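Have a look at the structure below, then the notes.
The values are calculated or read from the model by the stated rules, or taken from the named source; none is laboratory data. On a predicted model such as this, the values are computed, not experimentally measured, just so you know. Neighbour counts are summed over all protein chains in view; Cβ atoms, including those assigned to glycine, are modelled from backbone coordinates with ideal geometry. Ligands, DNA and RNA are excluded from the accessible area calculation, which covers all protein heavy atoms including side chains. Shrake-Rupley method; radii C 1.70, N 1.55, O 1.52, S 1.80 Å.
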Amino acid sequence: MNQYCFLADQNAENERIDKYLTDYLQKHSRSFLQKLIKDGQVFVNGKAVKSNYRIKEEDRIELTVPEPLQTDILPENLNLEIVYEDDSVLVVNKPKGMVVHPSAGHASGTLVNGLMFHCRDNLSGINGVLRPGIVHRIDMDTTGLLIVCKNDQAHNCIAAQLKEHSITRRYHALVKGRFKEMEGTVHAPIGRNPSNRLKMAVNHQNGKDAVTHYRVLEQYDSCAYIECRLETGRTHQIRVHMASIGHPLLGDTLYGGPAVKNVQGQMLHAKIIGFIHPETGEYLEFNSELPSYFQEIRERLQKRTLKI
């Protein structure tokens, strides 16, 4: 590991420490240094500080930068469906059952394994060795479009758009029940479910702001086909929000949705994604077809040959 210790000069007066360190240690990104600060690895005058700490002249700054971790993630040829690719980004259509990045119980067969085979070393490193290129995620049993970043500049640009809620993200879902109103908005904070750590919930005490807009595309006897547009990107956001208004997703038994024969997990597809390209400044938008199993169930609901 590398250890640094130095005094801030008068030119740094009142500057945020994360910005100051980014300029001082140019080989490390601001996001990486913010994580070090969050992890308690940066001290000013002997005390750990937050990223928004304002520097004073002759502050004694100390930090420890750990050596890069060696990853055991193996590249795998997973025949990823690449919808778009250039030197900065790629857009991939993730299949059902694929985990985005390695985690406990999922060391192989993940999207990251496939990306490491496809892109070699051309992936951003901001999110660490387990999540190269990954700037946002969707659940294992959710299908559809994801943006992958091939360098840190692209990663920072897409991350900023996500933070500003300027990226277009439209999901299609099958949900339980019929709607009286054909469109609406769920604006409710989402946090960890206090009684079940595997679940998220509408949590007004400890949740983070979350907004989901929905509109009904088709209605059937006892369920509906809807489009959801995300303003925010909280864990399980659509699943939690729709369940909270009495319309859990079909197949989403974790949140009270009815099981669907021969289908594992929620009926949710990330159908449309749009963003400003990090290099060209051009707005790009991509639309993916519903998976065949999803379309088959939708057609059976239309023909009333499937009862939910």
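Per-residue extension of 0.36 nm, minus the Cα-Cα distance of residue 231 and residue 15, leaves a gain of 74.7 nm for this segment.
Here residue 56 sits with roughly 110 square angstrom of accessible surface, probe radius 1.4 Å. Distance between the C-alpha centers of region 210-238 and region 274-308? Whole Å please. Taking the Cα centre of region 274-308 as reference, the centre of region 210-238 is 13 Å away.
In summary, the convex hull built on the alpha carbon positions of region 4-51 has an orientation-averaged projected area of 3.2 nm². In region 149-291 the Cα-Cα distances spread across 5 Å bins starting at 0 as 2, 10, 17, 20, 19, 15, 10, 6, 2, 0 percent of all pairs. In summary, the convex hull built on the alpha carbon positions of region 1-102 has an orientation-averaged projected area of 9.3 nm². Derived value for the chain: Kirkwood hydrodynamic radius 21.5 Å. Basis is the mean of 1/r over every pair of different alpha-carbon atoms.
Output the peptides 7-15, 123-131, 267-275 sorted from most to least packed, where packing is the average of other Cβ atoms within 10 Å over each peptide's residues. Please report the intermediate quantities before stating the final value.
Numbers: 7-15: 12.8, 123-131: 19.2, 267-275: 22.3.
Top of the packing list down: 267-275, 123-131, 7-15.
Taking the Cβ of residue 220 as the centre, find all other residues whose Cβ is under 13 Å away and add up their charges (Lys, Arg: +1; Asp, Glu: -1). So the surrounding residues net to +4.
First obtain the Kirkwood hydrodynamic radius of region 81-127 from its Cα pairs, then insert it into the Stokes-Einstein equation at 37 °C and 0.692 mPa s, and state the resulting D in µm² per second as a whole number.
284
Between region 5-25 and region 108-174, what is the C-alpha centre distance in whole Å? About 31 Å separates the Cα centre of region 5-25 from the one of region 108-174.
The residues of region 42-126 expose on average 56 square angstrom of accessible surface per residue, using a 1.4 Å probe on protein heavy atoms.
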